[in-house]
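A short write-up of the structure that comes next.
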Amino acid sequence: MSADAPRRGHDSSRVYRLQLALGAAGLAASALVLAAAVSAVHIEPEAAHRLDVAGLALTYPAINAAAVLLLGLAALGAAVLVVTVRAAWRQLRAHRRLVRTLPVIGPVPGHPTVALIDVAAPLAFCAGWLRPRVYVSTEVLARLSESELRAVLAHEQHHEALRDPLRLAVSGVLCQALFFLPVVRLLHDRYADVAELTADAAALDAMDGAAAPLAAAMLAVATTGADEVVGISPARVDSLLGQPRAWRPPRLLLIAALATLGALVALAWRADGHASLHTSLNLPVVSSQPCVLVLALVPIVACLSGTLARRPAPTTAAGG
């Protein structure tokens, strides 16, 4: 085993755990802020302000400055939670679409756990969350020698063992959810880089330290039809050459992120003690003048119905 492999594995786990802890703290702070705002709302119709407009009795909330601040913080917390659910759903949908549309034609000869896909492009990747699997295209088999294929499979099987697709999906969701903390994006990018370096180290171990098969495989897979090499990061090249790039955790950004989360919770806690928001769940127009509302909606519904009736029916596209 190469001397750098344990260090790289430890580095990748440390980066992922750091981002996961920071993400959990951010989601917890958002939920606490939102809960504090909800607890500050008092449903007391008699305490709400009233206003008469053209004979209609309207009401609006009675609110002070602390409640306004708390509601602003709650809006941020709600946005974080909504973006989290939305991003997770998109990740899940994209993952299912990818796995279901892969043209798997069977296992790779000599490697029953590796799926062979009928694709003309040189592809080798690991996909799947709870049960990840390695996929290799027929073009990869045509381009690589036996030793090069062993190096590529060792690289991808290391991703499979660590469930890197799931980790990267979770990391990507946290990047979108905690959009106001730049350090989360930096940790995500760092983990993506270190995951590749760790998998390269595992491939070198499988080849008894020989870097030539892995380097040749990287060039073969990354070379396009125009003889251009794409997709190989400089960090991977430096690592194969025995000159890994140094990386230091962004301490100032980490401190700023923790200070931001602490400030959000502290502001919500202080505002919660002085917030006053009294409102009514009743819609004033509906409760006091239902007939007026119904009469106002009739022409709107009629116009929408006429517009929809004139809209042409959608056509079904045929694939060629």
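Where a number appears in this text, it was derived from the coordinates with a stated rule and is not lab data. The structure displayed is predicted, hence computed values, not measured ones. Here the Cβ positions follow ideal geometry from the backbone for every residue, glycine too, while neighbour counts run over all protein chains shown.
Note on Val119 and His274: the extension gain reaches 49.5 nm, defined as 0.36 nm multiplied by sequence separation minus the Cα-Cα distance. Along its principal axes, segment 168-208 has C-alpha extents of 45, 15, 6 angstrom, given from the largest down. How many percent of Cα pairs in segment 116-274 exceed 21 Å? Value for segment 116-274: 57 percent of Cα pairs lie more than 21 Å apart. Our summary of shape: the Cα atoms of segment 99-201 have principal axis extents of 47, 30, 23 Å, ordered from largest down, in whole angstrom.
Among residues other than Pro103 with Cβ under 15 Å from its Cβ, the summed charge is +1 (Lys and Arg +1, Asp and Glu -1).
Stretched out fully, how many nm does the piece from His95 to Ala263 gain, at 0.36 nm a residue minus the Cα gap?
Values: separation 168, 0.36 × 168 = 60.48 nm, distance 3.62 nm.
Contour length minus the Cα-Cα distance gives 56.9 nm.
Would you mind counting up the charge near Leu253? Only other residues with Cβ under 14 Å from its Cβ, with Lys and Arg at +1 and Asp and Glu at -1.
Overall, the nearby charge balance is +3.
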